Amino acid sequence: MGRIRALTSTDVTAARELLARDPIANCFVDSRVRSGGVDPWRLGGEIWGYVDDDETLESMLYVGANLVPVSTSPASRAAFADRLRQTGRRSSSIVGIAEEVLDLWRILEPSWGPCRELRDRQPLMAMDVDPVGPVDTAVRFIGIDELDVIVPACVDMFTHEVGVSPIAAGGGMAYHARIAELVRSSRSIGRIEGSVVVFKAEIGAATPLVCQVQGVWVDPSMRGRGISVPAMAATVKLARTHIAPVVSLYVNDFNTVARRTYESCGFRQHATFATVLF
């Protein structure tokens with residue numbers, strides 16, 4: 001019978017080994033552990049471990065703004081759910097491998113439900129080669145002097161994708177700071193013409209092996225003009241050159257336009273994610 005405990009600095013090696021089983025699917029948690037270890041203050045959350053009688057780490061759960069299961073089993077998910085029911089919901093979403101997320105939500109829903117939205121099929125796509133098609137050479141890393149130009153596009157994309165504005169309920173300063181951090185660390189990519197953001201994307205998480213693209217957006221007035229494929233191709237090339245050799249992202253299965261764009265760039269499905277939004 002396994003048990004749950006918060007991970008400590010002595011568990012970092014075991015945590016890294018668990019994450020290495022699937023560096024693409026585990027990119028988000030892996031990036032956090034690499035930069036902050038398992039210390040809650042540096043991590044921006046906690047990592048709970050499910051260990052067996054010999055203290056072998058079998059599964060993990062990242063508990064922060066998001067809940068992210070890592071290599072969970074039916075037994076560990078049941079144990080994590082018991083603990084989560086005791087602590088109450090503090091996260092805005094559950095995200096990760098679909099089988100794990102959906103089973104965890106099945107157990108939690110009677111006490112945590114209902115959710116605001118369930119996205120149960122999100123292809124996790126990846127590519128480890130440069131695109132072979134046209135590349136938009138105007139797509140580049142965004143400069144800090146362009147922060148006030150890029151933020152409104154980020155807000156628009158987030159609001160339409162998640163269904164809630166990131167600057168609502170006093171969240172404007174924190175969101176602005178988050179985008180500024182991405183810009184300063186060369187994780188914000190886009191094409192700007194004058195004061196108009198034509199295309200933008202961010203690298204939300206990165207390890208030396210994998211980086212994850214998020215926030216892909218084309219100005220609504222310019223959609224349907226063939227901008228997205230060469231712009232995404234440029235994003236992949238920049239990311240592979242400067243950040244990590246494997247580029248990943250996940251997309252809603254019903255977003256057929258976006259899926260065709262990514263497939264045209266060379267992305268192929270690696271796994272299936274699911275997201276529960278609160």
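The values are calculated or read from the model by the stated rules, or taken from the named source; none is laboratory data. Keep in mind that what you see is a predicted model, and the values were worked out from it rather than measured. Here the Cβ is made from the backbone with ideal geometry for all residues, glycine too, and neighbour counts use every protein chain on show. Calculation scope for accessible area: heavy atoms of the full protein, side chains included, ligands and nucleic acids excluded. Shrake-Rupley method; radii C 1.70, N 1.55, O 1.52, S 1.80 Å.
Short to long, the 10 Å bins of the Cα pair-distance histogram for the chain hold 6, 28, 35, 22, 7, 1, 0 percent of all pairs.
In this simple spin-label model, placing a label point 7 Å from the Cα along the Cα-to-Cβ direction at both ALA75 and GLU46 gives a separation of 2.2 nm. Surface analysis of region 15-75 yields an accessible area of 42 Å² per residue, using protein heavy atoms and a 1.4 Å probe. Overall form of region 4-95: rounded. Here a/c, set by the Cα gyration tensor axes a ≥ b ≥ c, is under 1.5. Legend: translational diffusion of region 62-174 by Stokes-Einstein, Rh = Kirkwood radius over C-alpha pairs, 10 °C, 1.306 mPa s; D = 91 µm²/s. Would you please classify the overall shape of region 59-119 from the alpha carbon gyration tensor, given that a ≥ b ≥ c denote the square roots of the eigenvalues, rounded means a/c under 1.5, and beyond that prolate means a/b larger than b/c while oblate covers the rest? Rounded, because the longest to shortest axis ratio a/c is under 1.5. If the segment from MET173 to ASP148 were pulled out straight at 0.36 nm per residue, it would be longer than the present Cα-Cα gap by 7.8 nm.
If I compute solvent accessible area with a 1.4 Å probe over the protein chains, what percent of it on the chain is carbon and sulfur? Before the final figure, lay out each step's value.
Working: 6850 of 13030 Å².
Of all accessible area on the chain, carbon and sulfur atoms account for 53 percent.
Panel note: the C-alpha atoms of region 148-190, placed on their principal axes, show extents of 27, 19, 15 Å (largest first). Is the shape of region 177-272 best called rounded, prolate or oblate, per the rule: a/c under 1.5 gives rounded, else a/b larger than b/c gives prolate, else oblate, with a ≥ b ≥ c the square roots of the Cα gyration tensor eigenvalues? It is oblate, given that a/c is not under 1.5 and a/b is not larger than b/c. Dividing the Cα radius of gyration of region 96-150 by 2.2 N^0.38 Å, with N the residue count, gives 1.94. If R0 equals 25 Å, the separation of the Cβ atoms of ARG121 and ARG83 corresponds to a calculated FRET efficiency of about 0.35. Under 12 Å from a label point 7 Å along Cα→Cβ of ARG5: give me every residue in region 43-66 with its amide N that close. Residues 49-57 qualify, since their backbone N sits under 12 Å from the label point.
Rounded to the nearest 0.05, what FRET efficiency do SER165 and ALA65 give with R0 = 22 Å and r taken as the Cβ-Cβ distance? Could you check? Calculated transfer efficiency: 0.90. Once you reduce region 1-60 and region 214-248 to the center of their Cα atoms, the two points are 31 Å from each other.
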